[in-house]
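Contents: one structure, followed by commentary.
The values are calculated or read from the model by the stated rules, or taken from the named source; none is laboratory data. What you see is a predicted model; the values in this text were computed from it and never measured. Cβ sites come from the backbone with ideal geometry, for glycine too, and all protein chains shown count toward neighbours.
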Amino acid sequence: MYRLKFDLHTHTPYSHGKNSIMENAAAAVKVGLSTLGISDHGPGHLFYGISMREISSMRKDIKEAKEAHPGLEILLGVEANIVNLSGNLDVSAEEQKLFDYVMAGYHYGAFGEQAIKSVGIFLGSCLYNLTARSSVRVRNHNTDMVLATLYSNSIKVLTHPGDKAPFDMIEIIKACEKTGTWMEINCPHAALSTEDIKTAADYDVGFIIGSDAHAAKDVGLPDRALDRVFRAGLGPERIVNLIWKP
């Protein structure tokens, strides 16, 4: 039997989730989590980034959810957007201090410091998703953005690595190993892929399963990631938040 001890990747209506922090907390208790992380999208996302002005409201909601569920630890995180070759996230170094932890992922809809150039790169990435063909320029640009981000920030989790665009995954895996960043095996996204899990398993990296729950019913449920884990032959002891009974 397999279950998660903690789930750091969940969303609420503060970005584009369906259920409140209180509802996510109730779901976390139901599936036996010890810790729930609220990790809505960073403010640089054009369509569903959080407003930094609402951080105090999020903290208030977390306080109320803790009072309702005293046995559950609830942390406020953020899924920042990887958008700049400089390594700067859409959450500044000062803003990162407002959160208990920082995750980062590559997403469409966040354009960063060089918006015009980013549009072109995103179009190249979209073409890759449609045709599985990409230019060396797009692949190198995307890889360099992720590497710069990993080396310039204290990132707990790299979310859905390899998703949405072409990357040099070996270089990203090596960077996660050097920085101690956990690589996420995301439930709804097919990333890490089975092949990328196999490759990363040869390095001293930590893996974490993230539900990426956008509704309370998905909080803390690892099933959609476990198939890839088993097919890759990854030992469950390599996944930092997975509990199992052999």
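Values computed for the structure shown
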read-out: Single condition GLY210 does not satisfy, out of (1) under 19 Å from ILE243 (Cβ atoms); (2) surrounded by fewer than 22 Cβ atoms within 10 Å (Cβ to Cβ); (3) small (Gly, Ala, Ser); value: (2)
read-out: Subset of the range 193-246 (residues that are touching a strand residue (DSSP E or B) at 6+ places or on another chain (Cβ under 7 Å) and either in a helix (DSSP H, G or I) or of a type in the set (Lys, Arg) (or both)); value: ILE197, ALA200, ALA225, LEU226, ARG228, VAL229, PRO236, ARG238
read-out: Residue in the range 19-42 that is farthest from the chain's Cα centre (by Cα), counting only those that are in a strand (DSSP E or B) and within 10 Å of LYS5 (Cα to Cα); value: THR35
read-out: Test: ILE185 is touching a Lys or Arg at 6+ places or on another chain (Cβ under 8 Å), part of a helix (DSSP H, G or I) and without any contact (Cβ under 8 Å) to a residue 60 or more places away in the chain; value: no
read-out: Unique residue being under 15 Å from the mean Cα position of the chain (by Cα) and either hydrophobic (A, V, I, L, M, F, W, C) or modelled with pLDDT under 95 (or both) when the list is LEU123, LEU150, LEU226, LEU127; value: LEU150
read-out: Test set (1) farther than 23 Å from TYR48 by Cβ; (2) assigned to a helix (DSSP H, G or I) - SER154 fails condition number; value: (2)
read-out: Residue that is nearest to THR35 (Cα to Cα) [pool: residues in the range 51-78 that are at pLDDT 95 or above and in a loop (DSSP other than H, G, I, E, B)]; value: LEU72
read-out: Qualifying residue in the range 80-88 (condition: buried (at least 16 other Cβ atoms within 10 Å of the Cβ), outside any loop (DSSP other than H, G, I, E, B), over 15 Å from the mean Cα position of the chain (by Cα) and not basic (Lys, Arg)); value: no
read-out: Boolean, THR35 is surrounded by fewer than 21 Cβ atoms within 10 Å (Cβ to Cβ) and β-branched (Val, Ile, Thr); value: yes
